[in-house]
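The values are calculated or read from the model by the stated rules, or taken from the named source; none is laboratory data. Because the structure is a prediction, the values reported are computed rather than measured. Note that we place each Cβ from the backbone using ideal geometry, even for glycine, and neighbour counts take in every protein chain shown.
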Ligand code: 13P
């Protein structure tokens, strides 16, 4: 069965609640399609107004992060039940910015992935190498390590529904998109790695996105690659351009 594309926006720390409502109203008609899943991952405080604004459209609202404990003394964190209570179905886990600025590790990523599945939330599991790692030729080894740890104790049935976002760190917010061949090479290696951990059917089912300076002019070529099932879009997701990316 062909995999349905999934185009997700990662708003990062942008958009106040009122700006969020305005942006969704602008984008709603531009991203209307049944051909791909369209997800806006927004700051926690924007989730409820974004849900309201997106009602009746094909836009699904996701979160940018989540904690791996159920509840308790974790000041400032958002629990999985808080997300499911308002209908969130997707959560970005382990974005490179969270790893770099908020000390997330492969191990905490794994805990969050397991917790998301436990609550029926689909994790968008991020991986990606630095420029130094690419230049030293260790990209594939590094990504395989990230994936193997992120998916520890995740069942095949869960993994089949997961989304992986391959985001080379050197391509994020730099305007320097990976070439479609570079992106395809790593996405295909990720699929092979999932095949090794689980089986062929799981590898075929899991959806793998590319992220890193995706824009209206690079989306079509990237998403045409056999192992690239859509994109995780930062800067361009905050503009009408996102409509062009969705309708690549
Ligand atoms: P940009 O599209 O702004 O490069 O960001 C990519 C990203 O980090 C999405 O998660």
Verdict on residue 97 being within 16 Å of the ligand (Cβ to nearest atom), under 19 Å from residue 13 (Cβ atoms), part of a loop (DSSP other than H, G, I, E, B) and at pLDDT 95 or above: no
Yes/no for residue 77 being part of a loop (DSSP other than H, G, I, E, B) and in contact with a helix residue (DSSP H, G or I) (Cβ under 9 Å, 6 or more places away or on another chain): no
Members of the range 1-28 that are touching a residue at least 60 places away in the same chain (Cβ under 8 Å) and either part of a helix (DSSP H, G or I) or under 13 Å from residue 47 (Cα atoms) (or both): 10, 11, 12, 14, 15, 23, 26, 27
Residue match in the range 16-30 (condition: under 19 Å from residue 240 (Cβ atoms), at pLDDT 95 or above and within 16 Å of the ligand (Cβ to nearest atom)): yes
In the range 174-183, residue nearest to residue 143 (Cα to Cα) [restricted to those that are more than 10 Å from the ligand (Cβ to nearest atom) and surrounded by 20 or more Cβ atoms within 10 Å (Cβ to Cβ)]: 183
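Conditions (1) away from the ligand (no atom under 16 Å from the Cβ); (2) under 22 Å from residue 80 (Cβ atoms), marked per residue:
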site: 115; (1), (2): yes, yes
site: 136; (1), (2): yes, no
site: 154; (1), (2): yes, yes
site: 163; (1), (2): no, yes
site: 168; (1), (2): no, no
site: 172; (1), (2): no, no
Subset of the range 231-248 (residues that are more than 12 Å from the ligand (Cβ to nearest atom) and either within 19 Å of residue 128 (Cα to Cα) or assigned to a loop (DSSP other than H, G, I, E, B) (or both)): 240, 247, 248
Subset of the range 65-94 (residues that are over 18 Å from residue 160 (Cα atoms) and within 16 Å of the ligand (Cβ to nearest atom)): 65, 66, 94
Only one of 201, 189 that is under 22 Å from residue 92 (Cβ atoms), more than 15 Å from the chain's Cα centre (by Cα), in a helix (DSSP H, G or I) and away from the ligand (no atom under 15 Å from the Cβ): 189
Identity of the residue in the range 45-74, in contact with a helix residue (DSSP H, G or I) (Cβ under 7 Å, 6 or more places away or on another chain) and assigned to a helix (DSSP H, G or I), that ends up surrounded by the fewest Cβ atoms within 10 Å (Cβ to Cβ): 45
Complete set of residues in the range 204-226 that are surrounded by 20 or more Cβ atoms within 10 Å (Cβ to Cβ) and either away from the ligand (no atom under 11 Å from the Cβ) or in a helix (DSSP H, G or I) (or both): 206, 207, 208, 219, 222, 223
